[in-house]
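What follows is one structure encoded as structure tokens, with my remarks underneath.
Derivation of every value follows stated rules applied to the coordinates shown; laboratory data play no part. Because the structure is a prediction, the values reported are computed rather than measured. Methodologically, a virtual Cβ is constructed for each residue, glycine included, from the backbone with ideal geometry; neighbour enumeration extends over all protein chains shown.
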Amino acid sequence: MSNRLPIILILTGIGLLSLADRAVAHFQVLLPSADIVEDQNLHAIDLDLRFTHPMEQGPMMEMARPRQIAAMVGGKRIDLAGQLKLRKVDGKSAYTCSLQINTPGDYVVYVEPEPYWEAAEQKMIVHYTKVVIDVLGAEKGWDALIGLPVEIEPLVRPYGLWTGNTFRGIVRYHGKPVPYARVEIEYYNEGRRVKVPRDAFVTQVIKADPSGVFSYTMPRAGWWGFAALVSGDEKMKNPGGKPVEVELGGLMWVKAVDMPNK
């Protein structure tokens, strides 16, 4: 019994470390009901906002009302805060939002969430997130930068992508490229159709090159979340009033589509 006790303690410690590592893969979800609009009679897009683990489809985390949600099109900002509607998903707060599309163009929708306290990691998390919607084939403005503290600048048009296409982007922090930035990638595993064989497959992890450029080939149709992570320059106070480290994320959602048979 005395020989087995240390082994049990070691295995327990490994398990706790594994849980801590997996807790890192929080993703701010911002998914539109359509990323390409060709129907002139369609005047609104529904947006789904939640804070969760996309590949595992949970657990859901409580999401406070965002600090801001808006869309940029043709250099014009459209405030969407008044369109937010609270809803419950698995007992946690999430939101829906309606985007009115009245002008052809590429709508860059973005959200700044309230900082989230992650007790397991003892840090605050803020994930600035965006997605691009092409309306009536304008194909103009998809690479426009919002000016978020952390942001991915797409080097590939982020819509109209086939499964197997490679998405590339530049990680920027206060506008400057981040050499060797860490980028976490997860598939939005709706309906849990993909069975993950091992924990290591849940979150793909890559690093940008010295110029802050990263690339990833999407192996399956559906939505993919790219999360560029950096450490904040300044600490924030946690709910207890203690200054703690901050994880800042620049997220972008990109959809891949299978080639249809003739």
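Computed quantities for the displayed model
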{"item": "Using a Förster distance of 22 Å, the FRET efficiency for residue 231-residue 146 (Cβ separation, nearest 0.05)", "result": "0.60"}
{"item": "Among 121, 247, 234, residue whose mean-square fluctuation peaks in a GNM of the chain (springs only between Cα atoms under 10 Å)", "result": "234"}
{"item": "Taking 93, 215 and counting other C-beta atoms within 10 Å, the order from fewest to most", "result": "215, 93"}
{"item": "³J(HN,Hα) computed for each position of region 226-237 - Karplus, 6.51 cos²θ - 1.76 cosθ + 1.60, integer Hz, glycine/proline x", "result": "10, 10, 8, 10, 9, 8, x, 6, 10, 7, 10, 8"}
{"item": "Over region 57-111, relative contact order from alpha-carbon pairs under 8 Å, at least 6 apart, %", "result": "40 percent"}
{"item": "Using θ = phi - 60° and Karplus 6.51 cos²θ - 1.76 cosθ + 1.60, couplings along region 247-262 (whole Hz; Gly, Pro as x)", "result": "9, 9, x, x, 10, 9, 9, 9, 10, 10, 10, 5, 6, x, 6, 5"}
{"item": "Simple spin-label estimate for residue 194 and residue 174 in nanometres, 7 Å along Cα-Cβ", "result": "3.5 nm"}
{"item": "Added length on full extension, which subtracts the Cα-Cα distance from 0.36 nm per residue, residue 206 to residue 100", "result": "34.6 nm"}
{"item": "Residues whose placed amide H lies under 5 Å from that of residue 93, excluding near-sequence neighbours", "result": "63"}
{"item": "Region 4-257 - percent relative contact order, Cα under 8 Å, separation 6 or more", "result": "19 percent"}
{"item": "Ranked list, fewest to most other Cβ atoms within 10 Å of each Cβ, for 254, 213", "result": "213, 254"}
{"item": "Residue 164 long-range amide H proximity, modeled H, under 5 Å", "result": "218, 220"}
{"item": "Packing-based order for 54-65, 128-139, using average beta carbon neighbours within 10 Å, highest first", "result": "128-139, 54-65"}
{"item": "Other-chain or far-sequence residues with amide H under 5 Å of residue 57's (modelled H)", "result": "189"}
{"item": "Protection proxy ranking, peptides 148-158, 42-52, average beta carbon neighbours within 10 Å, highest first", "result": "148-158, 42-52"}
{"item": "Kirkwood Rh in Å, taken over all unlike Cα pairs in the chain", "result": "19.4 Å"}
{"item": "Computed E for residue 87/residue 34 - FRET, C-beta separation, R0 30 angstrom, nearest 0.05", "result": "0.90"}
{"item": "Cβ-derived FRET efficiency at R0 51 Å, residue 122 paired with residue 163, nearest 0.05", "result": "0.85"}
{"item": "Calculated from backbone phi, Karplus (6.51, -1.76, 1.60) coupling profile of region 190-196 in Hz, x at Gly/Pro", "result": "4, x, 6, 6, 8, 8, 7"}
{"item": "Acute angle (nearest 10 degrees) that the helix 4-22 long axis makes with the longest principal axis of the chain, alpha-carbon atoms", "result": "20 degrees"}
{"item": "Residues of type lysines that residue 242 reaches as a straight line, Cα spacing below 23 Å, ignoring anything fewer than 8 places off in the same chain", "result": "123"}
